[in-house]
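Trainee: Can you read through this structure? Questions will come right after.
The values are calculated or read from the model by the stated rules, or taken from the named source; none is laboratory data. Not measured: the values here are computed from a predicted model. Cβ: placed from backbone, ideal geometry, glycine included. Neighbour counts: every protein chain shown.
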Amino acid sequence: MHRPQIRLIHSLPGRPRGRGKIERLFRTINDMFLPDLPGHLIAGKPLSAPVLTLDELRARFEAFVCGVYHRRPHGSTGEPPITRWQKGGFLPAMPDSLEQLDMLFVHVPKPRKVLRDGIRLMGRRYVEPTLAAFVGEQVEAVYDPRDLTEIHVYHQGRFVCRALSSEHAGHPSLRAIQRARRGAKERDKQGACPHGDLRWRPRGYGFPAHHLPRAPALRR
């Protein structure tokens, strides 16, 4: 799943065109919402004592947006905002699950280099045999600040694996890591075709095991 390419770009001093939308929001709140609240300031002086709690202020604002602003005809379109929204054309592509939504807006991406013993992040080590094929490569580790048990690893925008913190999972054996490395090398070799239609095959490919020469035994 692609992460949203969102960057914070500050507007230039003296160039208000970059702040038009947010300034219009503040104007709507100041002109239509705040004057009806207790404690509203005029020329720096409150017309009445402020008595709303934060939860009450939130409830009043939600009621204003849903019951007043969305129902009031817009000056330019002549339609209430809720009517124009429900006509379609504005709905974004929503994720298939809450987990994917968290991946977009809750999880934090960090660039990391895959080391021989895994990925180091936030003082922890994350391991997964699949990472053996990416030793020395730069990847993107996406993690949830609320739960550092695991990370999602991406390489060049593509999902690679989910790596667990070594504190929460058993350490992978050296044999598992070596097996993953050999598998990655075999796949790379099989993808090459040095002689036209002939493909490279691993040593002994197509021959019975008993026809292959045995490696000499090591003496102690």
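Every residue, every condition in (1) at pLDDT 90 or above; (2) in contact with a Ser or Thr (Cβ under 9 Å, 6 or more places away or on another chain); (3) not aliphatic (A, V, I, L, M), yes or no:
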site: ALA132; (1), (2), (3): yes, no, no
site: GLY136; (1), (2), (3): yes, no, yes
site: TYR154; (1), (2), (3): yes, no, yes
site: HIS171; (1), (2), (3): no, no, yes
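Trainee: Right, here's the next one. Restricting to the range 103-122, and then to whatever is of a type outside the set (A, V, I, L, M) and at pLDDT below 90, can you tell me which residue is farthest from ARG162 (Cα to Cα)?
Mentor: Restricting to residues being of a type outside the set (A, V, I, L, M) and at pLDDT below 90, the top hit is PHE105.
Trainee: Please go through the range 119-131 and pick out each residue that is surrounded by 12 or more Cβ atoms within 10 Å (Cβ to Cβ) and more than 16 Å from PHE159 (Cα to Cα).
Mentor: Within the range 119-131, ARG120, LEU121, MET122, ARG124, ARG125 qualify.
Trainee: Of the residues in the range 117-157, how many are outside any loop (DSSP other than H, G, I, E, B) and within 22 Å of PRO95 (Cβ to Cβ)?
Mentor: Step one: list which residues in the range 117-157 are outside any loop (DSSP other than H, G, I, E, B), which gives 118-121, 124-127, 129-134, 138-144, 147-155.
Now restrict to residues that are within 22 Å of PRO95 (Cβ to Cβ): 140-144, 147, 149-155.
Counting residues in the range 117-157 that are outside any loop (DSSP other than H, G, I, E, B) and within 22 Å of PRO95 (Cβ to Cβ) gives 13.
Trainee: Among all residue pairs at least 6 apart or on different chains, which show Cβ distances below 8 Å where the first residue, located in the range 39-64, is within 17 Å of ILE29 (Cα to Cα) and modelled with pLDDT of 85 or more and the second is outside any strand (DSSP E or B) and basic (Lys, Arg)?
Mentor: Listed pairs, sorted by first residue: LEU52/ARG60.
Trainee: Enumerate the helices (runs of 4 or more DSSP H) found wholly within the range 8-116, keeping only those where 2 or more residues are loosely packed, with under 12 Cβ neighbours inside 10 Å. Steps first, answer last, please.
Mentor: On the way: elements: 20-28, 54-64, 81-86, 98-105.
Result: 20-28, 54-64, 98-105.
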